[in-house]
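Structure first, then comments.
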Amino acid sequence: MNVGIDKIGFATTQYLLNMDDLAKERGVDPDKYSKGLLLENLSIAPITEDIITLGASAADSILSDEDKETIDMVIVATESSIDQSKAAATYIHHLLGIQPFARSIEMKEACYSATAALDYARLHVEKHPDSKVLVIAADVARYGANTPGEPTQGAGSVAMLVTQNPRILLLNDNSVAQTRDIMDFWRPNYSTTPYVNGMYSTKQYLDMLKTTWAEFQKRFDTSLADFSAFCFHLPFPKLALKGFRKIMDKSLPTQWQEKLQANFESSILYSKQVGNIYTGSLFLGLLSLLENSQNLAAGDRIAFFSYGSGAVAEIFTGTLVDGFQEQLHSSRLQELNQRQPLSVATYEKLFFEEAQLDADGNATFADYLTGPFALKEILGHERLYGRTNDKN
Ligand code: HMG
């Protein structure tokens, strides 16, 4: 049976931090960020915009009423959870008005979990062909002001509707995963920001790529010549570029190498503007590729490298479907340009603000810009969300 991504949507914040401004303030050569990391802007979330509002916005941008009546599973993949018990998917299920007889869960393994969610969705639809599964990858990547990870922050969400006979990408039944119990990046329950062994994490990313790709090629008797594009987890685009160079096969015809190179460039355009959105970043790369590539056609195969610290990596593949272009946007970069730039001082206040709860667990917030959904207040420790145009 053909199962895969029928629709894909994206949401990010209404504020940005320009990398040149950050570089000036931190006394760093701006080229370090623009050329060394390949980043231009980062999306910055105020306290009223979190994984629930971003996830709901990304999904809201693609779902029809008919989808909402048919979806029977909502999976939110995240490492920026707002609750240790209640799944983010339950809030989003409610905000979107999805029919009640659905399963709603949250999944975690750093930046890898959306890949596992997508595979679970594929298996579910294979077993129940009339089902539709909503997979949402949503994260806010916060490392802290003046930390080495600061220039690789970001926030955003990618939502994907998984169905039979999808209109964008077939998910193929071939993948290789790899697990290594390592401490490259982790966030204990008592910390709002992660602990990071930055250089070690980049080495692990590249080595997991090399070894998983070698195993994938061996198991499925395939090579780069069978793929038109390779999408990578994008903690920052420069690392993916190093990964791309690592897997490049110089014996391929020059034209094929150039096609892969052009598609790689297309896949990093959105991340350059948004920063790291953790588990959604691989799929933001897919969206960026599909909406900006000039050389993709139905039947083309795309390889994906998913990496989540801790660490789990996976290589899987998809095949483009006839008419995939009709499901996409062409104005995404212009929309990203509409975000409001923040001074570094305002970013520091806004991005790291924490709720000031009174003795009864209530908190209210200043009126920040958000997408179509917002965290309205906290009442007796309950987070209350709604559409931005609703009064309550
Ligand atoms: P850093 O201190 O910026 O590193 O930390 P750097 O000094 O090596 O500089 C970075 C690059 O800028 C280098 O390029 C420099 O040469 C270059 P490279 O040599 O690597 O090609 N550079 C310049 N270029 C032009 N002009 C200049 C200039 N100066 C320097 N003047 C680091 C970088 C990634 C360690 C840091 O940003 C960090 O800790 N980030 C967070 C961790 C991270 O993103 N790790 C990625 C792999 S782990 C992963 O992907 C998982 C993750 O997404 C989390 C999850 O799974 O949940 C993070």
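Here are the numbers:
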read-out	value
Lone qualifier among A355, A303 - being open to solvent by 20 Å² or more (accessible area, probe 1.4 Å) and in contact (Cβ under 8 Å) with a residue 40 or more places away in the chain	A355
Where E335 falls short, out of the listed (1) in contact with a Cys (Cβ under 7 Å, 6 or more places away or on another chain); (2) not in a strand (DSSP E or B)	(1)
Pair list, Cβ < 9 Å and 6+ apart or interchain, from the range 190-212 residues that are more than 20 Å from L282 (Cα to Cα) to residues that are open to solvent by 30 Å² or more (accessible area, probe 1.4 Å) and among the aliphatic types (A, V, I, L, M)	Y195/M183; N197/M183; Y200/M183
Failed condition for F216, given (1) within 16 Å of the ligand (Cβ to nearest atom); (2) within 15 Å of Y307 (Cβ to Cβ)	(1)
Test: residue in the range 28-51 that is of a type in the set (D, E, K, R) and buried (at least 24 other Cβ atoms within 10 Å of the Cβ)	yes
The range 109-150: number of residues that are open to solvent by 10 Å² or more (accessible area, probe 1.4 Å), among the aliphatic types (A, V, I, L, M) and within 16 Å of the ligand (Cβ to nearest atom)	4
Sole exception among (1) over 30 Å from G323 (Cβ atoms); (2) within 14 Å of the ligand (Cβ to nearest atom); (3) in a strand (DSSP E or B) for G156, by number	(1)
Which listed residue, of V344, V274, is among the β-branched types (V, I, T), more than 27 Å from N2 (Cβ to Cβ), over 21 Å from the mean Cα position of the chain (by Cα) and surrounded by 15 or more Cβ atoms within 10 Å (Cβ to Cβ)	V344
Criterion (touching a Leu at 6+ places or on another chain (Cβ under 6 Å), at pLDDT 95 or above and within 30 Å of T370 (Cα to Cα)) met by exactly one of V162, V158	V158
Filter result (away from the ligand (no atom under 15 Å from the Cβ) and either open to solvent by less than 30 Å² (accessible area, probe 1.4 Å) or in contact with a helix residue (DSSP H, G or I) (Cβ under 6 Å, 6 or more places away or on another chain) (or both)) within the range 168-206	I168, L169, L171, N174, V176
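Quick grid of which residues meet (1) more than 23 Å from F216 (Cβ to Cβ); (2) in the same structural domain as V196 (by the TED database); (3) more than 15 Å from the ligand (Cβ to nearest atom); (4) outside any strand (DSSP E or B):
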residue	(1), (2), (3), (4)
L239	no, yes, no, yes
F244	no, yes, no, yes
K272	yes, yes, no, yes
S281	no, yes, no, yes
L286	no, yes, yes, yes
G299	no, yes, yes, yes
T317	no, yes, yes, no
A345	yes, no, yes, yes
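Condition check ((1) touching a Phe, Trp or Tyr at 6+ places or on another chain (Cβ under 8 Å); (2) among the small types (G, A, S); (3) assigned to a helix (DSSP H, G or I); (4) assigned by the TED database to the domain that holds A45) across all residues:
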| site | (1), (2), (3), (4) |
| --- | --- |
| A121 | no, yes, yes, yes |
| V125 | no, no, yes, yes |
| D130 | no, no, no, yes |
| A137 | yes, yes, no, yes |
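The values are calculated or read from the model by the stated rules, or taken from the named source; none is laboratory data. These figures come from a predicted structure and were not determined experimentally. Reconstructed Cβ throughout: ideal geometry from the backbone, glycine too, with neighbour counts over all protein chains shown. SASA here: full protein model, heavy atoms, side chains in, ligands and nucleic acids out. Shrake-Rupley method; radii C 1.70, N 1.55, O 1.52, S 1.80 Å.
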